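Read-outs throughout are calculated quantities, based only on the coordinates presented, and are distinct from any laboratory measurement. Just so you know, these numbers come straight off a predicted model, no measurement behind them.
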Amino acid sequence: MLKTMKEKHFVESIIPRLTPLTRIKLLYRLGEEDKFDLNDYKKKVHDKGATVVLVKSSVDEIAGGFTSIPWQNKSHVQMSDPEALLFSVTHEKKYPVQDKDKAVF
């Protein structure tokens, strides 16, 4: 999804503790024809540690989010993450999460 070095460097520059030596593993991917399945997504990403989510829109804009704490398989539990953030790769902007105490749900 990140095709240029500029896009990759932008994401690397805003994610806390992300270095060229950081091991990154793809946990979940949808093809253009796939339908999002929340239960499948949860099975693959919950309890895996820090998470970066990237989304490509139908007009080829790329945005994402980061949380330093693992997603957990608990219903209706909000968790605090002072490092959580949202970002636009397309516009090279970083947006702080408004309420860090409810950063992960």
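Short to long, the 5 Å bins of the Cα pair-distance histogram for the chain hold 2, 11, 20, 24, 22, 16, 5, 0 percent of all pairs. Taking a straight Cα-Cα cut-off under 17 Å and skipping sequence neighbours fewer than 8 places away in the same chain, the lysines within cross-link reach of LYS56 are LYS3, LYS6, LYS8, LYS35, LYS93, LYS94. Each residue of the stretch 42-48 was assigned a 3J(HN,Hα) from its phi angle through the Karplus expression (A = 6.51, B = -1.76, C = 1.60, θ = phi - 60°), giving 4, 4, 8, 10, 5, 6, 9 Hz with x at Gly and Pro.
So for the chain, averaging the separation of alpha carbon pairs under 8 Å that are six or more residues apart and normalising by length, what relative contact order in percent results? Before the final figure, lay out the partial values.
Values: 136 pairs, mean separation 22.1, N = 105.
Rounded, it is 21 percent for the chain.
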